[in-house]
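Asker: Please find one structure pasted underneath; my questions will follow.
Please treat every number below as a calculation from the coordinates, not as lab data. All values reported here derive from a predicted model rather than from experimental measurement. Neighbour counts are summed over all protein chains in view; Cβ atoms, including those assigned to glycine, are modelled from backbone coordinates with ideal geometry.
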Amino acid sequence: MSTRFWSHIRGLLGLPVFGLLANAPALAQATMVIAWPERTRLLEDQRVDLVIEIRHVSSVAGFRVTAAGRDLTSQFRGPLPAQLDCDETPDVVFRADAVGFPAGHIRLQASASTPLGPVSAIQDVLVYPFQLGQPARNIILFIGDGMSQPYRDAARLVARSTPHPKGVPRLREGFFDDLLEMDQMPIVGWVITHSLDRVVPDSANTASAWATGNKIQTNGLGVFPDGTDCRWRLGGANAATLEAITDNPKVETLWEYLKRRFNYRTGIVSTADIADATPAGEAAHVAFRQARFEVIRQHWENPFLGNRPAFGVILGGGWDQFLPSVRSDGRDLVAEFRNAAYRFVSTATELRSVTASTDRLLGLFFQSANPRRASDGIRAAVDPNMSVAYDKLRLRRLGTVSRKQIWATTRTNLSST
Ligand SMILES: [Ca+2]
């Protein structure tokens, strides 16, 4: 019941009556929730945090959890005091981190007794078998960020059309003469990546959708929503609310899974800020995508890989997020990578000199002009993406020059080619 509602009742009825109503929270019933979405889907032994929230009580007895009849209770920590839903009632949480399950239909059953009566929760989870069979030597995933069908159509029309008969560089009546390479791949699939809470999602939960096999909430990277998210959603995402951004149930990504279970060597190459949502979704676990210092820390100290690095090779933009002068924890993450035998490169020339035997490589190719911390304390002030396609037109990204300058330079470059 909202505060506004009780204020309204007090206004209508006067203070003496409100004095009786003020005890209303004590009448709340205890409830138990397994903080996973309804349709959680896992691979066998894909690790995931089990967080069980019990609302409106501060003490619990007889807590028990089983999965397909197997007793998991000893894996849990708790009861841990918690402030769920940003209300004034006491709550508790039990959590077991990085739990895995055998393939099959797993029924989770949790129960406890509380001063307000017994509580229980049930959740059914499908766990799929996973075998590599003949292990693939290399698995390379190319991601055209935000590249839905209309962008492929545009690329085909531009790249696979012969020039207009009169030499005019424009769309030639909607026709193309050949298919793109990606049009000719033998198998094509679609992943439906809208989020738990929006039909039009953002890069964080869409990257997490195929990286973890699960739908994630808007802004979330490899975590499920939980009862503390109201703190940063209502109070702002910043250093003071970072704990509520990083306490969510984490679910393992495919790359963490392949590295942990099958000793794959993993790498990530991006033209974006390496802490941006799409690369971040491969091996970071935070409820708010802009917690970029934490994203990079988890790529370095990965929670599913025993605090070892998630990737042997990291190449991209976003140098600012690694700098001790920018990071709120003051850590020099480039130095920490180098101390762990990572070779560090920051120019094309240095990158070309890397030998094939190099298996630990950190390349950061773009730093902002004035690296500094954002006022929220959880990221750099600028997202230093690489200029990418702009380089080919001898341009810089929007934001470093005006839109007017870009169009003027584009006209000059096009007329000279
Ligand atoms: Ca949370």
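Asker: Listed highest first by mean packing, meaning other Cβ atoms within 10 Å per residue, what order do 222-233, 276-287 come in?
Answerer: Working: 222-233: 23.1, 276-287: 27.2.
Ranking, from highest mean packing down: 276-287, 222-233.
Asker: For the range 379-389, just list the computed ³J(HN,Hα) in residue order, Karplus coefficients 6.51, -1.76 and 1.60, θ = phi - 60°, integers in Hz, with x standing in for Gly and Pro.
Answerer: Running phi through 6.51 cos²θ - 1.76 cosθ + 1.60 with θ = phi - 60° gives 6, 6, 5, 10, 8, x, 7, 6, 6, 6, 4 Hz.
Asker: Same structure, new question: Per residue of the range 269-283, in order, report the coupling 6.51 cos²θ - 1.76 cosθ + 1.60 (Karplus, θ = phi - 60°) as ³J(HN,Hα) in whole Hz, putting x for Gly and Pro.
Answerer: The phi angles translate into 10, 9, 8, 8, 3, 5, 9, 5, 4, 5, x, 4, x, 6, 7 Hz.
Asker: If R₀ is 25 angstrom, what is the calculated FRET efficiency for the pair residue 194 and residue 128, using the beta carbon separation as r and rounding to 0.05?
Answerer: On the way: r = 21 Å, r/R0 = 0.85.
Given R0 = 25 Å and the Cβ-Cβ separation, E is 0.70.
Asker: How much length is gained if the chain between residue 70 and residue 183 is pulled fully straight, taking 0.36 nm per residue apart and subtracting their Cα-Cα distance, in nm to one decimal? Before the final figure, lay out each step's value.
Answerer: Details: separation 113, 0.36 × 113 = 40.68 nm, distance 4.76 nm.
Answer, rounded to one decimal: 35.9 nm.
Asker: Another question, if that's okay. Would you please put 188-198, 85-95 in order of how densely packed they are, using the mean number of other Cβ atoms within 10 angstrom per residue and starting with the highest? Write down the numbers at each step before the final one.
Answerer: Working: 188-198: 11.6, 85-95: 18.0.
Top of the packing list down: 85-95, 188-198.
Asker: Please compute the contact order of the chain in relative form: average sequence separation of alpha-carbon pairs under 8 Å and at least six residues apart, divided by the residue count, as a percent. It would help to have the intermediate numbers written out before the result.
Answerer: Working: 772 pairs, mean separation 45.8, N = 417.
With pairs under 8 Å counted, the relative contact order is 11 percent.
Asker: Based on Cα positions only, what radius of gyration and what Dmax would you give for the chain, in angstroms?
Answerer: Just the Cα atoms of the chain yield Rg and Dmax of 25.6, 87 Å.
Asker: Roughly speaking, what is the centre-to-centre gap between the range 318-345 and the range 67-105 when only Cα atoms are used, to the nearest Å?
Answerer: 34 Å
Asker: I've got another one for you. Along the range 49-56, what does the Karplus equation 6.51 cos²θ - 1.76 cosθ + 1.60 (θ = phi - 60°) give for ³J(HN,Hα), rounded to whole Hz, x for Gly and Pro?
Answerer: 7, 9, 10, 10, 9, 10, 9, 6
Asker: Using the Cβ atoms and a cut-off under 14 Å, what net charge is assigned to the surroundings of residue 77, where Lys and Arg are +1 and Asp and Glu are -1? Before the final figure, lay out the partial values.
Answerer: On the way: positive: 95; negative: 49, 53, 97, 247.
Net of charged neighbours comes to -3.
Asker: In the chain, what % of DSSP beta bridges are antiparallel (nearest 5)? Provide the component values of the computation, followed by the final result.
Answerer: Working: 37 of 52 bridges.
Around 70 percent of the beta bridges assigned by DSSP in the chain are antiparallel ones.
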